[in-house]
Amino acid sequence: MANPLYDGLFGVHAGQSTPFLHLATGAVISHAEFLAIGARIANVTARLGLKPGDRVAVQVDKSPEALALYAACAQAGLVFLPLNTAYTADELRYFIENSGAALIVCDAGSEDSLRQIAGPLGAQVETLNADGSGSLMAQARKAEAEFATVDRSGEDLAAFLYTSGTTGRSKGAMLTQTNLLSNARTLVEEWRFTADDVLLHALPIFHTHGLFVATNVILASGGSMIFLPKLDLDQMIARMPEATTMMGVPTFYTRLLGDDRFTRELTSHMRLFISGSAPLLAETHVQFEDRTGHRILERYGMTETNMNTSNPYDGERRAGTVGFPLPGVALKITDPVTGDTLPDGEVGQIEVRGPNVFKGYWQMPEKTAAELRADGFFITGDLGRIDADGYVHIVGRNKDLIISGGYNIYPKEIELVLDEQPGVLESAVIGVPHPDFGETVVGVIVPAPGATPDTDAIMQAVQQSLARFKHPRALISLAELPRNTMGKVQKNVLRADYKDMFAG
Ligand code: MCA
Ligand code: AMP
């Protein structure tokens, strides 16, 4: 009997006094100390009556204890459901209801509003603050530092991550133990991670990038992380000399390049910089190499699949491409209408299959069937082509999606809020280029006949419903939306009209 995820990533470090987390304060937490925190939390979940397979919804700031809660869920066979700290109560209500979470762990500041949501649903609420205080750790400190790992199979669920949809409804992507473990092991090999690696970790831990790509790779290799609460250039630059590797979204790289302290000398001992979650401009790639002598390694993934492709560690890292399919991952380019595989060189939809591909969307069989084919290929919604040398290029998206600073934003979700506002006939939300975030959100509204919508009131309504990163940075009023002969809104026309609004 076993628990592949826990045994493979966590349990393997039992008794090791080697460093795992180097904190911003200078304190260090060893692998063994980290496992003990996780085991204590696992004991608390058992005492709360949680059973294997129960979902644990977590909306907390980044901290060692927050990461240990992930370890605890793996050890107790619970499904870890991390949530962006920017989500509003309106957004959280849906995730908690939809997932049927048995336990919600949140910051003390949001305890009252979450109790109101959780109460009628019969979910329990515990608190965990950024400094490790709160009811969860108060109980954990009194609990045993050992926990009998719960048996699980590779097919059992390890995590749920919500991804928004083009219809505006978020979908819970069900990730199994095998999905996570297989991808972590592949990435360790591909990117040559060893126990000597020290990863500069400034990403959030509520999404695939910071949680599974970064953390699981370090766990699987036995290395350690400089665990910073967020992207803070002063801290990153101060700590970089201790690191060997870094992972970030493109905004990390453009911000570092914008700082004169970020020099060739500062990065001289680094062995690898990895970028993903959004397209890295070829220009950033070139500037980075000019400044530091390092070529950023760009890779491509999704919440539903973890990582699919990567530029090579040893071969040429080609700017503007996401490299080759990872070992064990099959990737094909297909015709969006017929689903037939297209010859190399042609642009079509990217489909992937492998042990990394999720099990489906929670309680959404139709959506699962529409995107996950019976033969195991997942239709990513990205458009791409494979060049003559086998490099995959992402050339666009077949889904209406904006990626701002590495966060995905589905226009439909914002349009639904705008459309409801007094005096608004209809709306269209687009992404336009932004020098810091890559893309940013612009809302276009059409007033109802004779109406003059109150834009301040509209923005207040948006703030009430949606996380800050989704808020339109500009609201434009137009007499009508451009439409094609079929009556479909031509967002490409709007994007072209407003492409220079935020030009740097
Ligand atoms: C913060 N703000 C944002 C964003 N982040 N607005 C739009 N897009 C964002 N990404 C808001 C803040 O609330 C603030 O609002 C204002 O913008 C400026 O904040 P600032 O201090 O500049 O932001 P920051 O705290 O420095 O954060 C920017 C960031 C952060 C470092 C780029 O968003 C980040 O860490 N992003 C990484 C996201 C990520 O991990 N994605 C991976 C998803 P105000 O001024 O009004 O208060 S996983 C994935 O995509 C797949 C699987 C993959 O392949 O990896
Ligand atoms: P998410 O839904 O947060 O998992 O985001 C996944 C999406 O991010 C993919 O479908 C792509 O559109 C995008 N993405 C991730 N990595 C890259 C990359 N290196 N280049 C371009 N787009 C990327």
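Structure notes:
- Taking only the C-alpha atoms of the range 150-215, Rg followed by Dmax gives 14.2, 45 Å.
- Two-decimal Rg to Rh for the range 30-96 - Kirkwood Rh, Cα set: 1.00
- Karplus-derived 3J(HN,Hα), 6.51/-1.76/1.60, for each residue of the range 450-455, Hz, glycine and proline x: x, 9, 10, x, 8, 5
- Within the chain, helix-based [θ] at 222 nm, where runs of 4 or more DSSP H residues each add -39,500 (n - 2.57), nearest 500: -8000 deg cm²/dmol
- Furthest towards positive pole of dipole, MET486, GLY122, GLY348, structure part the chain, Cβ charges: GLY122
- For the range 15-118, with +1 on Lys and Arg beta carbons and -1 on Asp and Glu, the positive-most of THR45, TYR87, SER63 along the dipole: THR45
- Centroid-to-centroid separation of the range 302-381 and the range 206-284 [C-alpha atoms, Å]: 25 Å
- Dipole size of the chain about its Cα centre, with +1 on Lys/Arg Cβ and -1 on Asp/Glu Cβ: approximately 380 debye, rounded to the nearest 20.
- Taking VAL429, VAL489 and counting other C-beta atoms within 10 Å, the order from fewest to most: VAL489, VAL429
- Packing here is the average count of other Cβ atoms within 10 Å per residue, and on that basis the peptides 261-270, 457-466, 476-485, 100-109, highest first, run 100-109, 457-466, 261-270, 476-485.
- Viscosity 0.692 mPa s, temperature 37 °C, Stokes-Einstein D of the range 99-208 from Kirkwood C-alpha radius, µm²/s: 187 µm²/s
- Largest first and in whole Å, the equivalent-ellipsoid semi-axes of the range 214-258 read 20, 12, 9, each the square root of five times a Cα gyration tensor eigenvalue.
- DSSP beta bridges in the range 132-262 [antiparallel fraction, %, rounded to 5]: 50 percent
- Gyration tensor (alpha-carbon) shape descriptor, the range 415-504, a/c threshold 1.5: oblate
- Across q = 0.13, 0.19 Å⁻¹, the range 354-470 modelled as identical point scatterers on its alpha-carbon atoms has Debye log10 I(q)/I(0) values of -0.71, -1.11, in the order of the q list.
- Whichever aspartates and glutamates have a C-alpha closer than 15 Å to that of LYS412, once near sequence neighbours (fewer than 8 apart) are set aside: GLU91, ASP400, GLU420, GLU426
- Here the range 274-372 was treated as a single set of alpha-carbon atoms; its pair distances binned every 5 Å from 0 give 2, 12, 18, 19, 19, 13, 9, 5, 2, 1 percent.
- Which of SER465, GLY384, ILE409, positive extreme of dipole for the range 370-496 (C-beta unit charges): GLY384
- Across all directions, the shadow cast by the convex hull of the range 407-465 built on its C-alpha atoms averages 4.3 square nanometres.
- For the range 379-448, the share of alpha carbon pairs falling in successive 5 Å distance bins from zero is 4, 15, 19, 19, 16, 13, 7, 4, 2, 2, 1 percent.
- For the pair the range 108-135 and the range 52-81, the centres of their Cα atoms are 14 angstrom apart.
- For the peptides 71-79, 51-59, the ranking by mean Cβ contacts within 10 Å, running from highest to lowest, is 71-79, 51-59.
- Equivalent ellipsoid semi-axes - Cα gyration tensor, the chain, angstrom: 35, 29, 23
- The simple Förster model, with R0 at 45 Å and r as the Cβ-Cβ distance, assigns ASP335 and ALA138 a FRET efficiency of 0.20.
- Packing around the peptides 328-341, 80-93, 227-240, 197-210, taken as the average count of other Cβ atoms within 10 Å per residue, puts them in this order, highest first: 197-210, 80-93, 227-240, 328-341.
- Distance in nm between pseudo-label sites at ILE237 and ASP112 (7 Å out along the Cβ direction from Cα): 4.1 nm
- Eligible lysines near LYS367 by straight Cα distance, threshold 16 Å, same-chain separation 8 or greater: LYS171, LYS359, LYS399
- Candidate cross-link partners of LYS142 among the lysines, defined by an alpha-carbon separation under 27 Å and a same-chain spacing of 8 or more, comprise LYS51, LYS62.
- Bins of 5 Å, starting at 0 and running to the largest distance - Cα pair percent for the range 1-155: 2, 10, 20, 22, 21, 14, 8, 4, 1
- Size of electric dipole in the range 1-131: Cβ of Lys, Arg +1 and of Asp, Glu -1, about Cα centre, debye, nearest 20: 360 debye
- Take every Cα pair under 8 Å whose residues are at least 6 apart in sequence, average their separation, divide by the length of the chain, and the relative contact order is 11 percent.
- Among beta bridges identified by DSSP and lying wholly in the chain, the antiparallel ones come to about 60 percent.
Where a number appears in this text, it was derived from the coordinates with a stated rule and is not lab data. Model, not experiment: these values are computed from the prediction. Cβ coordinates were reconstructed from backbone atoms using ideal geometry, including for glycine residues, and neighbour counts include every protein chain displayed.
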